[in-house]
Amino acid sequence: MGTVPKEPSERLTVAELFRRWPRAAAVFAGRGMACPGCAMAPFDTVAEAASSYGIDPVELVAELSAAASRPSGGEI
Amino acid sequence: MDTVRPDALLDLLARAALFRDLGPEALAEVLASAHARRVADGEAVFREGEAAERFCVVAEGRLKLTQLGADGNEVLVRFVGPGEATAALAVFEGAEYPLTAAAVGPTWVLEWARAEVQAMLARHPALAVATVRLLSERLREVQERFRELATERVAQRVARALLRLVRQAGRKVEDGVLIDMPLSRQDLAEMTGTTLYTVSRVLSEWEARGIVASGRERVTVRSPHGLVAIAEDLPEGEVKAKR
């Protein structure tokens, strides 16, 4: 609590991730994950969400990091 | 708890959706015109059909809002927790309370008489806007539940009711997400328009699959994704319980 995460990690809760990087929601949606807006987002970590959908958490975090580091304004 | 501390109440109002856009002075003024009232477990704050005189915010504890069906069966409309408001609509219409609000466990409520609410709304436009927002959210919730009743299977409705309660009172615990409030199978039946028998059958099946654990009026979601999959009709191939 209290520290601002610097980059997406599998230990963050899904809600923390979306708060810090709103564009992460598009990555989840693109993978067919129902996490954006989900009641469980404050309770599950990115790793737990990935494993629920049978997705490799390392691969997901890499994709999230790429989305987070993209310059803003370049997409809708 | 015998009293409520004014600074704790100010803190609660400052965080409540309805009041958080007000400045500290306005908040203090709003609180000054409130009447704090202690309600014992099971006692009603107001009853369906009575003249609606007061607007109400829960300070501590929880209220259960119910409505009587034509057949005399109770329908559980929603729970109202700390910082949440109820009876807003009734006060503005000058009408009757459309539901009964009874305390679940020892509860403190803040109440404002109609004239006080009207004066507050006239003085603080931010409060009026927040009230409209609250009412539209409630309307959306009712529309959603109407759709659920009209189109969804019972299991899906029970799953959605549990997810709503997770949003309101979820707490991370070792074996999953606990719905941190007293919740009986009868409550769930009344929330989803079905029978106690059906809710028991659904919950027993989910317990066997490791999706929920229930007992002593408490429900823990052991497989968050498993429950979401049922609520959202997702493929359930990878449902896993917490180990």
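Here chain B is treated with +1 on each Lys and Arg Cβ and -1 on each Asp and Glu Cβ, and its dipole about the Cα centre works out to around 660 debye. Residues of the range B:145-187 that bury at least 50 Å² of accessible area when the other protein chains are present, relative to the chain alone (probe 1.4 Å, heavy atoms, ligands and nucleic acids excluded): B:R167, B:K172.
In the protein assembly as shown, carbon and sulfur make up what percent of the accessible area (probe 1.4 Å)?
Numbers: 8810 of 16300 Å².
Roughly 54 percent of what the probe reaches on the protein assembly as shown is carbon or sulfur.
Database remark: amide H of B:G170 closer than 5 angstrom to the amide H of B:D180 (H placed geometrically; neighbours at sequence offset of 5 or more, or on other chains; Pro and chain starts carry no H). The accessible area of B:H35, taken with all protein chains in place and a 1.4 Å probe, comes to roughly 100 Å².
A plus B alone minus the pair: what accessible area, both sides summed, probe 1.4 Å, in Å² to 100? What A and B bury together is about 1200 Å². Of the listed residues B:Y197, B:Y97, A:Y53, the order by accessible area with a 1.4 Å probe, largest first, is B:Y197, A:Y53, B:Y97. Legend: mean number of C-beta atoms from other chains within 10 angstrom of residue C-beta atoms, peptide A:32-41, equals 5.
Name the residues of the range A:52-71 whose accessible area, probed at 1.4 Å, falls by at least 40 Å² once all protein chains are in place instead of their chain on its own? Going by heavy-atom accessible area, the residues of the range A:52-71 that drop by at least 40 Å² are A:S52, A:Y53.
Using a ≥ b ≥ c from the Cα gyration tensor of the protein assembly as shown (square roots of the eigenvalues), is it rounded, prolate or oblate, where a/c under 1.5 gives rounded and otherwise the larger of a/b and b/c decides, a/b for prolate?
On the way: a/c = 2.04, a/b = 1.34, b/c = 1.52.
Oblate shape, in that a/c is at least 1.5 and b/c is the bigger or equal ratio.
Per residue, chain B exposes 49 Å² of solvent-accessible protein surface, assessed with a 1.4 angstrom probe and all protein chains in place. How far is helix B:125-151 tilted off the main Cα axis of chain B, in degrees rounded to 10, range 0 to 90? Helix B:125-151 and the main axis of chain B meet at about 30 degrees. Built from the Cα atoms of the range B:187-232, the convex hull projects on average onto 3.2 nm², one quarter of its surface area. When only the Cβ of Lys, Arg, Asp and Glu is charged (+1, +1, -1, -1), the dipole of the range B:124-207 relative to its Cα centre reaches about 320 debye. Using the alpha-carbon positions of the range B:1-85, Rg (one decimal) and Dmax (whole number) come out as 14.8, 49 Å.
Would you mind checking the tilt of helix B:6-15 against the longest principal axis of the Cα atoms of chain B, expressed as 0 to 90 degrees and rounded to 10? Tilt of helix B:6-15: around 60 degrees. Evaluating 6.51 cos²θ - 1.76 cosθ + 1.60 at θ = phi - 60° for every residue in the range B:67-77, the Karplus couplings come out as 10, 8, x, 4, 8, x, 7, 7, 10, 8, 7 Hz, glycine and proline recorded as x. Extension gain for B:E43 to B:L139 (0.36 nm times residue separation, less C-alpha to C-alpha distance): 31.9 nm.
Taking a 1.4 Å probe, which of A:L60, A:L12 shows the most accessible area, and what order do the others take after it? Please list the in-between numbers first.
Values: A:L60 0, A:L12 25 Å².
Sorted by accessible area, descending: A:L12, A:L60.
Shielding of peptide B:224-232 by partners, expressed as the average count of other chain Cβ atoms within 10 Å per residue Cβ, is 4. The relative contact order of chain B, computed from alpha carbon pairs under 8 Å that lie at least 6 residues apart in sequence, is 17 percent.
Sorting A:F28, A:F43 by accessible area (1.4 Å probe), largest first, what list results?
Details: A:F28 0, A:F43 25 Å².
So the residues, ranked largest to smallest area, are A:F43, A:F28.
Here, the range B:24-151 yields an orientationally averaged convex hull projection of 8.3 nm² when only Cα atoms define the hull.
Nearest 500 deg cm²/dmol is fine: what mean residue ellipticity at 222 nm does the protein assembly as shown get from its DSSP H runs of n ≥ 4 alone, each adding -39,500 (n - 2.57), divided by its residue count? Spell out each step's value before the answer.
Numbers: 13 runs with 142 residues, N = 319.
After summing the helix terms and dividing by residue count, I get -13500 deg cm²/dmol.
Pairs of alpha carbons in chain B separated by more than 32 Å make up 26% of all such pairs. With a Förster radius of 25 Å applied to the beta-carbon distance between B:A126 and B:A32, the computed FRET efficiency rounds to 0.90. The B:V75 and B:A8 beta-carbon pair, evaluated with R₀ = 25 Å, returns a calculated FRET efficiency of approximately 0.15.
Taking 45 Å as R0, compute the FRET efficiency from the Cβ-Cβ separation of B:R114 and A:E7 and round it to 0.05. Show your work: numbers first, answer last.
On the way: r = 53 Å, r/R0 = 1.17.
The value I calculate is 0.30.
The values are calculated or read from the model by the stated rules, or taken from the named source; none is laboratory data. Computed from a prediction, not measured in an experiment: that's the story for all the values here. All Cβ positions, glycine included, derive from the backbone under ideal geometry; neighbour counts span all protein chains shown. Heads up: the accessible areas ignore ligands, DNA and RNA and are worked out on the full protein's heavy atoms, side chains in. Shrake-Rupley method; radii C 1.70, N 1.55, O 1.52, S 1.80 Å.
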